[in-house]
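S.K.: Can you read through this structure? Questions will come right after.
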Amino acid sequence: KPNLVSPTSGNADSDAAKARKLPHSATTEGQVSSKSRNTQPSRLEVVVGGYRKAGFSAAAAARMARATRQSTNRVYQSKWKYFADWCNGRKTSPLKASIPVIADFLLHLRDEKKFTVSTIKGYRSAIALALKTVNTDVSTSPELTALVRAMAGELPPREPTPPKWNLTLVLETLITEPYEPLEEASLKFLTHKCVFLLALASAKRVSELQALSGRIAHKEDWSSVSFEFARDFL
């Protein structure tokens with residue numbers, strides 16, 4: 001029987017990435033530096049470096065940088081990279097970005113990328129947690145707070161409209177091809193069917209379903225099955 005859901009895996013972000021070693025080369029007139037202007041420190045490097053600059057040991061800085069969950073760190077790193085690339089395109093260091101520069105970035109997200117206010121707040125949080133360690137307090141900036149508040153007031157909040165679907169129709173479909181007979185169903189459709197029935201029976205959220213362990217306990221005749229969460233699931 002296939003494992004329907006397995007615990008997420010992957011290498012965690014390192015606490016403090018090793019310093020980049022750039023090749024040293026002689027320069028001649030008109031020759032540019034070998035370091036690409038696109039090379040930017042990761043958000044975690046910025047946080048660890050800020051703590052180190054404040055006088056904390058490498059061990060303490062690495063531990064404090066891990067205060068945020070790994071999944072959150074990955075999301076924040078993606079947002080930080082987009083911000084760093086945006087700054088790089090304007091020949092501005094993200095580590096030295098002023099409040100007015102960050103305000104223009106938030107406007108870029110709203111006006112050009114058409115992001116929602118909640119998504120923009122996520123970018124602001126990712127930037128704030130990194131720049132706070134280099135003495136730029138983004139989270140308490142009254143100017144940025146006013147800007148985000150103005151964005152929120154431009155459009156009324158939209159009520160989420162759940163998609164309409166018919167449970168009876170779905171269940172009737174699941175007992176026909178390509179889901180039945182089970183011994184002839186492909187792994188793809190068998191997995192779709194089992195995951196849907198598991199979600200329906202357990203009423204678990206997507207994050208909880210994703211964190212279910214592949215280890216299952218069941219009676220000898222499979223009349224009862226028990227699932228458990230992966231051990232590292234919070």
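The values are calculated or read from the model by the stated rules, or taken from the named source; none is laboratory data. Source: prediction; values computed, not measured. Heads up, the Cβs are rebuilt from the backbone with ideal geometry, glycines too, and the neighbour counts pull from every protein chain shown. To get the accessible areas, we keep the full protein, side chains included, count just its heavy atoms, and leave off ligands, DNA and RNA. Shrake-Rupley method; radii C 1.70, N 1.55, O 1.52, S 1.80 Å.
S.K.: Mind grabbing the accessible area of LEU171 for me, 1.4 Å probe, Å², rounded to tens?
M.R.: 70 Å²
S.K.: Report the full-extension gain for the segment GLU154 to ALA199: residue separation times 0.36 nm, less the Cα-Cα distance, to one decimal in nm. Could the numbers behind the result be given before it?
M.R.: Numbers: separation 45, 0.36 × 45 = 16.20 nm, distance 3.74 nm.
Contour length minus the Cα-Cα distance gives 12.5 nm.
S.K.: Let me ask another. Using protein chains only and a probe of 1.4 angstrom, how many square angstrom of GLU183 are accessible, to the nearest 10?
M.R.: Taking all protein chains as shown, GLU183 has close to 150 Å².
S.K.: Now for a separate question. At 1.4 Å probe radius, can you tell me the per residue accessible area of segment 86-148 in Å²?
M.R.: Heavy-atom SASA per residue in segment 86-148 reads 51 Å².
S.K.: Treat each spin label as a single point 7 Å out from the Cα along the C-beta direction, and report the ILE216 to SER118 distance in nm.
M.R.: Rounded to a tenth, the inter-label distance reads 3.2 nm.
S.K.: For segment 83-213, how big is the tail of P(r) above 19 Å, as a whole percent of Cα pairs?
M.R.: Details: 5594 of 8515 pairs.
The calculated P(r) of segment 83-213 puts 66 percent of pairs beyond 19 Å.
S.K.: Which sequence of LEU197, LEU131, LEU190 reflects their accessible areas, 1.4 Å probe, from the largest down?
M.R.: On the way: LEU197 65, LEU131 0, LEU190 35 Å².
Descending accessible area places them as LEU197, LEU190, LEU131.
S.K.: Now a separate question. Heavy atoms of the protein only, probe of 1.4 Å, neighbouring chains included. What is the accessible area of ILE99 in Å², nearest 10?
M.R.: ILE99 has an accessible surface of roughly 40 Å² with all protein chains in place.
S.K.: Where a ≥ b ≥ c are the square roots of the eigenvalues of the C-alpha gyration tensor, would you call segment 51-123 rounded, which needs a/c under 1.5, or, failing that, prolate if a/b is larger than b/c, or oblate? Before the final figure, lay out the partial values.
M.R.: Details: a/c = 2.76, a/b = 1.60, b/c = 1.73.
Oblate is the answer for segment 51-123, as a/c is 1.5 or above yet b/c matches or exceeds a/b.
S.K.: Within 10 Å, count the other beta carbons around each residue, average over each peptide in 53-63, 222-232, 87-97, 159-169, and list them highest first.
M.R.: Values: 53-63: 13.5, 222-232: 11.3, 87-97: 15.1, 159-169: 6.4.
The most tightly packed comes first, giving 87-97, 53-63, 222-232, 159-169.
S.K.: If you average 1/r over every pair of different alpha-carbon atoms in segment 172-234 and take one over that average, what Kirkwood value in Å do you get?
M.R.: Working: mean 1/r = 0.0761 Å⁻¹.
Radius from the Kirkwood sum: 13.1 Å.
S.K.: Can you check what the net charge comes to around ARG124, using other residues whose Cβ is under 15 Å from the Cβ of ARG124 (Lys, Arg +1; Asp, Glu -1)? Before the final figure, lay out each step's value.
M.R.: On the way: positive: ARG43, LYS79, ARG110, LYS113, LYS121, LYS132, ARG149; negative: ASP104, ASP137, GLU143.
Around ARG124, the charge tally is +4.
S.K.: For segment 45-62, in order, what is each residue's ³J(HN,Hα) by Karplus, 6.51 cos²θ - 1.76 cosθ + 1.60 with θ = phi - 60°, in whole Hz (x at glycine and Pro)?
M.R.: Whole-Hz 3J(HN,Hα) from phi for segment 45-62: 5, 5, 5, 4, x, x, 5, 5, 5, 7, x, 7, 5, 4, 5, 5, 4, 5.
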